[in-house]
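Here's the structure we're looking at; comments come further down.
The values are calculated or read from the model by the stated rules, or taken from the named source; none is laboratory data. Keep in mind it's a predicted model, so treat the numbers as computed, not measured. Here Cβ is always computed from backbone atoms with ideal geometry, including for glycine, and neighbour counts include all displayed protein chains. All accessible areas refer to the heavy atoms of the entire protein, side chains included, with ligands and DNA or RNA removed. Shrake-Rupley method; radii C 1.70, N 1.55, O 1.52, S 1.80 Å.
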Number of protein chains: 2
Amino acid sequence: MTDSTKPRARGADKRRRLTAAAAEVIHRQGVERTTIADIAKTADVPVGNVYYYFKTKDDLIQAALSEHEGALSELTAELDRLPDPLGRLKALVGVWVDQRDLAARFGCPTGTLAVELDKRADGGLDQEAARVIRLLLDWAERQFRALGLADPGDLALTLVAGYQGMSLMANALRDPGIMTREGARLTRWLDTLTADVS
Amino acid sequence: MTDSTKPRARGADKRRRLTAAAAEVIHRQGVERTTIADIAKTADVPVGNVYYYFKTKDDLIQAALSEHEGALSELTAELDRLPDPLGRLKALVGVWVDQRDLAARFGCPTGTLAVELDKRADGGLDQEAARVIRLLLDWAERQFRALGLADPGDLALTLVAGYQGMSLMANALRDPGIMTREGARLTRWLDTLTADVS
DNA sequence: GTCTATATCGAGATAGAC
DNA sequence: GTCTATCTCGATATAGAC
């Protein structure tokens with residue numbers, strides 16, 4: 001059989017391109033203001049062809065969420081290579097600060113998506129966003145527990161809420177410096193938590 | 001002249017009713033999923049008549065923001081009656097915790113609105129949301145400054161970001177308990193800030 | 001000032017040729 | 001599997017009677 005890969009877009013990675021495009025465009029424009037045409041254009045796929053891969057717009061939103069979930073998995077897998085849990089947590093904060101410009105412009109991808117999806121009456125997808133946030137929460141909790149700290153769940157909540165808060169403020173005020181300032185505060189906080197453990 | 005007040009809706013408080021309805025419905029459903037008809041229905045005003053008071057949907061969003069701004073002004077005016085700044089700040093956190101059920105269901109009215117408006121390409125309204133958030137930021141900064149603390153602006157940012165973070169998390173995870181837990185943490189934080197000042 | 005009927009337009013989704 | 005043309009519907013906004 002001849003492998004009839006089209007020259008314009010070799011192979012059938014169209015689904016992946018559409019998924020990546022959905023994640024990116026929805027992050028920038030929000031769910032409601034993003035049209036299928038916007039995503040198709042970014043993915044360089046004809047509009048009508050999108051429906052071969054995704055039956056509905058909601059399927060594309062779901063795909064965008066999966067993309068964010070994947071990115072989060074990669075990130076935590078990377079961080080897990082670091083020897084100690086405190087270093088992992090501080091590195092996480094460092095990653096957030098490094099992405100300050102994106103956060104100041106468009107907010108946290110998952111957080112802003114959760115806000116939008118929670119406004120929907122038709123349930124389902126909003127809980128998907130919550131699930132992704134919970135993955136981060138659970139990972140952070142494991143680190144705090146490994147450090148032998150009391151109430152690791154509360155600490156994880158404080159950390160992730162801190163991230164969501166600083167992302168929202170940086171986004172609303174369009175000021176990346178907020179990520180830097182609040183990131184530094186979170187780092188100091190992590191240090192004080194473990195100051196008497198060493 | 002006879003004061004021809006209609007029996008169904010006495011006087012011309014329709015504008016106010018529409019403004020209140022816009023604030024409430026937009027908080028619940030979000031900007032994009034709220035239709036003029038939704039607002040008109042809630043305000044008990046015929047759809048077509050809305051345009052006599054508000055030329056565009058954006059004007060209604062602006063009105064909703066003004067409503068939130070008014071509520072914030074009333075709240076801070078109320079808090080300003082308390083004798084000391086620390087008491088005011090702790091009372092503010094108390095108000096946030098008291099509204100935990102609303103926050104868990106629909107998030108912070110201004111915060112979620114800011115998230116949605118920031119996704120728009122056509123500017124203008126997003127900065128209006130930012131302005132309202134800044135009012136709270138400035139009020140908090142004045143309290144921290146009155147307490148004689150260093151970097152009052154940073155402290156105000158931490159407080160408001162804390163509120164936005166816990167509101168978003170409570171909303172995404174649909175858990176009012178998050179408001180209680182994080183509210184308690186903010187209160188403890190306020191106490192430690194001023195522990196060596198007394 | 002109030003309200004109904006409707007113009008207009010954009011977006012999601014589908015039919016069906018290739 | 002791919003893509004164009006089109007159906008359909010819902011929402012903003014307007015025209016114009018009362």
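Annotations
- Reachable aspartates and glutamates, given that their alpha-carbon falls under 19 Å from the alpha-carbon of B:Lys41 and they are not under 8 places away in the same chain: B:Asp13, B:Glu24, B:Glu32, B:Asp58, B:Asp59, B:Glu67
- Total accessible surface hidden between A and B, rounded to 100 Å², 1.4 Å probe: 3700
- Computed over protein heavy atoms with a 1.4 Å probe, the accessible surface of the range A:109-189 works out to 32 Å² per residue.
- Förster radius 25 Å - calculated FRET efficiency between A:Glu74 and A:Arg188, Cβ distance, rounded to 0.05: 0.35
- Axial C-alpha extent at least 27 Å, average Kyte-Doolittle at least 0.0 - helices from chain A (DSSP): A:152-173
- Partner chain coverage, peptide A:29-35 - average Cβ within 10 angstrom: 4
- Overall shape: oblate for the protein assembly as shown, with the ratio a/c of the largest to smallest alpha carbon gyration tensor axis at 1.5 or above and b/c at least equal to a/b.
- Restricting the trypsin sites (Lys or Arg not before Pro) of the range A:14-117 to loop positions (DSSP other than H, G, I, E, B) with no more than 12 neighbouring Cβ atoms within 10 Å leaves A:Lys55, A:Arg81.
- Applying 0.36 nm per residue to the separation of A:Arg142 and A:Leu82 and subtracting their alpha-carbon distance, the gain on full extension is 20.2 nm.
- Between A:Gly111, A:Gly30, A:Gly87, the Gaussian network model of chain A with springs among Cα atoms under 10 angstrom shows the greatest mean-square fluctuation at A:Gly87.
- The range A:99-198 - percent of accessible surface contributed by carbon and sulfur, probe 1.4 Å: 53
- Counting only heavy atoms of the protein chains and using a 1.4 Å probe, A:Leu125 has close to 20 Å² of accessible surface.
- FRET efficiency, B:Arg131 to B:Lys55 (Cβ-Cβ, R0 25 Å, nearest 0.05): 0.70
- Electrostatic dipole magnitude of the protein assembly as shown [Cβ: Lys, Arg +1; Asp, Glu -1; Cα centre; debye, to 20]: 1020
- Charge dipole magnitude, Cβ of K and R +1, D and E -1 - chain B, Cα centre, debye nearest 20: 680
- Charge dipole (Cα centre; +1 on Lys/Arg Cβ, -1 on Asp/Glu Cβ; no other charges) of the range A:31-126 amounts to roughly 200 debye.
- For chain A, the residue among A:Leu149, A:Thr34, A:Leu168 whose Cα projects farthest onto the positive side of the dipole built from Cβ charges is A:Thr34.
- Shielded residues, the range A:177-198 - accessible-area loss of 40 Å² or more between chain alone and all protein chains, probe 1.4 Å: A:Arg181, A:Glu182, A:Arg185
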